[in-house]
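Step one of this worksheet: look at the structure below.
The values are calculated or read from the model by the stated rules, or taken from the named source; none is laboratory data. Everything numeric here is computed off the predicted structure, so don't read it as measured data. Cβ placement follows ideal geometry from the backbone for every residue including glycine, while neighbour counts extend to all protein chains displayed. When the accessible area is computed, the model is the full protein with side chains, heavy atoms only, and any ligands, DNA or RNA have been set aside. Shrake-Rupley method; radii C 1.70, N 1.55, O 1.52, S 1.80 Å.
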Amino acid sequence: MPVIQRSIRVGWRLRVFFTEDVFAPQNPILRDALTDRLPRKVLVVLDDAVAQAQPDLDSKIQSYFAATGGRLQLVRPPLDVPGGEAAKNSRTLINSLHEQLHRHHI
């Protein structure tokens, strides 16, 4: 049986941004990185250890998105999820995240 062989190239563009205090309203890095298409819906998922270590982070995130003038739409308050390797393999957590993405049409 004859065989057909072809080379297929797949390109992937990866951009890495460096910043501090990403959710400060005057910091444009996240807004500019996400606004290649307007408006952009955003679901923020936080490791629960990060959320506990920075109790004001939730309000900072919501204030940041409110200050974008509608360019970025935070579809719900930040979602805290358990961290660590076990969470990465949790079907329940993955299904929950998929459900959020589906619910908000992201």
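Please specify each residue of the stretch 56-96 satisfying the condition of being under 13 Å from Arg31 (Cβ atoms) and not small (Gly, Ala, Ser).
Answer for the stretch 56-96, where residues must be under 13 Å from Arg31 (Cβ atoms) and not small (Gly, Ala, Ser): Ile61, Tyr64, Phe65, Thr68, Arg71, Leu72, Gln73, Leu74.
Quick one: in the stretch 1-40, which of the residues that are among the basic types (Lys, Arg) and loosely packed, with under 14 Cβ neighbours inside 10 Å is nearest to Ala87 (Cα to Cα)? Walk me through how you get there before you give the answer.
Quick first cut of the stretch 1-40, residues among the basic types (Lys, Arg) only: 6, 9, 13, 15, 31, 37, 40.
Now drop any that are not loosely packed, with under 14 Cβ neighbours inside 10 Å, which leaves 6, 9, 13, 15, 37.
Numbers: Arg6: 39, Arg9: 33, Arg13: 27, Arg15: 26, Arg37: 31 Å.
Looking at the filtered set, the residue picked out is Arg15.
For the stretch 52-106, give me the residue count where each residue is outside any loop (DSSP other than H, G, I, E, B), modelled with pLDDT of 90 or more and not aliphatic (A, V, I, L, M).
19
Name every residue in the stretch 50-68 that is aliphatic (A, V, I, L, M), over 21 Å from Thr35 (Cα atoms) and open to solvent by 70 Å² or more (accessible area, probe 1.4 Å), in order of residue number.
Across the stretch 50-68, the qualifying residue is only Ala53.
Output the number of residues of the stretch 7-51 satisfying the condition of being under 13 Å from the mean Cα position of the chain (by Cα) and not in a loop (DSSP other than H, G, I, E, B).
10
So, in the stretch 69-103, of the ones that are of a type in the set (Val, Ile, Thr) and within 16 Å of the chain's Cα centre (by Cα), which residue ends up most open to solvent (accessible area, probe 1.4 Å)? Give the derivation first.
We begin by selecting, within the stretch 69-103, every residue of a type in the set (Val, Ile, Thr); these are 75, 81, 92, 94.
When the remaining residues are screened for being within 16 Å of the chain's Cα centre (by Cα), the result is 75, 81, 94.
Details: Val75: 28, Val81: 18, Ile94: 65 Å².
In this case the residue turns out to be Ile94.
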